[in-house]
């Protein structure tokens, strides 16, 4: 495993080398994510529950409570979990080897310290088996070097995904981390209602998937699976006929029958001469396949991020938007 100090490098992190830590971290972020879900008002597609990448880790962002706000941030450089409330109350504790039950107890004590009640469902979502957090002594591994490397993977993917997001003026999600599925995603929407999602995700109500997939979409992201070092992915819902047979870029990408989506192994990106271009090709080509087969109005939904400069240069508004 390599976690180079150079922040511009794409770090190497074999999935098999940090599986125990990954599974433990998955439980820990679920605990914190459920706190955000407890207090944040419902947004379309569950956007109110997600985390966001920061220069040191990931955060819940501000959460409303009793007329003010609080947030919780994972610092994956100093390996701390920070709790801050806008009335000045704050606390933290070290991220280190401990059982998930111990982590849960520490989180509850920290919430008491900032005087915000914590009342979450103790069963994790989207995993099987699902051990209640306060009883979980199985997930207890925390490899600091691996966690930092994973966060750096997310940071590099985040930059690429923000650039991809900037080319769309239709409804599009933030670039955000879903703690249930443990992946980072950005999703473009066609604008019309989709067929009802069948659900079927372990320990997750079908109605959760119905809300998440209520409208036609094309989603891409990064997760620590699907390749030796994780994978970029892309899928569409509903799936148009012929989607899986389409030719996409780059050459290392493929359609996975197991996961029912296109995958681009992270190691293929990291080892290339131009990682950013590899990711750009993958996102653009898989979206184009989804949009064309799904009959999206691409001229109305797509744009160019340099349109303000082109306005200033005197281009016609339509040229700026469609160019």
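Taken together, the values in this text are just the output of simple stated rules run on the coordinates, not laboratory data. These figures come from a predicted structure and were not determined experimentally. Here Cβ is always computed from backbone atoms with ideal geometry, including for glycine, and neighbour counts include all displayed protein chains.
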| query | Taking 0.36 nm per residue of separation and subtracting the Cα-Cα distance, what length does fully extending residue 166 through residue 145 add? | reply | 4.4 nm
| Which of 118, 27 has the fewest Cβ neighbours within 10 Å, and the rest in rising order | 118, 27
| request: Work out how much length residue 254 to residue 206 would gain on full extension: take 0.36 nm times their residue separation and subtract the Cα-Cα distance, in nm to one decimal. | output: 14.4 nm
| request: For every helix of n ≥ 4 consecutive DSSP H residues, a contribution of -39,500 (n - 2.57) applies; sum these over the chain, divide by its total residues, and give [θ] at 222 nm rounded to the nearest 500 deg cm²/dmol. | output: -10000 deg cm²/dmol
| query | With a 10 Å Cβ neighbour count serving as the proxy for reagent exposure, in which order, fewest first, do 82, 13, 122 appear? | reply | 122, 82, 13
| Exposure proxy check: 272, 219 ranked by fewest other beta carbons within 10 Å? | 272, 219
| query | On full extension of the chain, what length is gained from residue 44 through residue 62, given 0.36 nm per residue of separation minus the C-alpha to C-alpha distance? | reply | 4.7 nm
| field | Rg ratio (alpha-carbon, reference 2.2 N^0.38 Å) - region 81-132 | value | 1.29
| query | Which percent of the Cα-Cα distances in region 15-143 go past 20 Å? | reply | 43
| query | What ranking, highest mean first, results for peptides 172-180, 287-295 when packing means the other Cβ atoms within 10 Å averaged over each residue? | reply | 172-180, 287-295
| task | Please work out, to two decimal places, the log10 of the ratio I(q)/I(0) at q = 0.11, 0.12, 0.17, 0.19 Å⁻¹ from a Debye calculation in which every Cα of region 145-301 carries one identical scatterer. | result | -0.41, -0.50, -1.03, -1.30
| request: Specify the angular offset, from 0 to 90 degrees and rounded to the nearest 10, of the alpha carbon long axis of helix 275-293 from the longest principal axis of the alpha carbons in the chain. | output: 70
| query | So what are the chain's ellipsoid semi-axes, whole angstrom, largest first, if each one is the square root of 5 times an eigenvalue of the alpha-carbon gyration tensor? | reply | 33, 23, 21
| task | Measure out, as a whole number of angstrom, how far apart the alpha-carbon centroids of region 192-254 and region 121-139 sit. | result | 25
| remark: 1/(1 + (r/R0)^6) with r = Cβ-Cβ of residue 299 and residue 109, R0 = 45 Å, i.e. FRET efficiency to nearest 0.05, evaluates to 0.25
| Helix 19-39 sits at what angle to the longest principal axis of the chain, using alpha carbons and giving 0 to 90 degrees rounded to 10? | 90
| task | Report, to the nearest 10°, how far helix 144-165 tilts away from the longest principal axis of the Cα atoms in the chain, using its own Cα long axis and a range of 0 to 90°. | result | 30
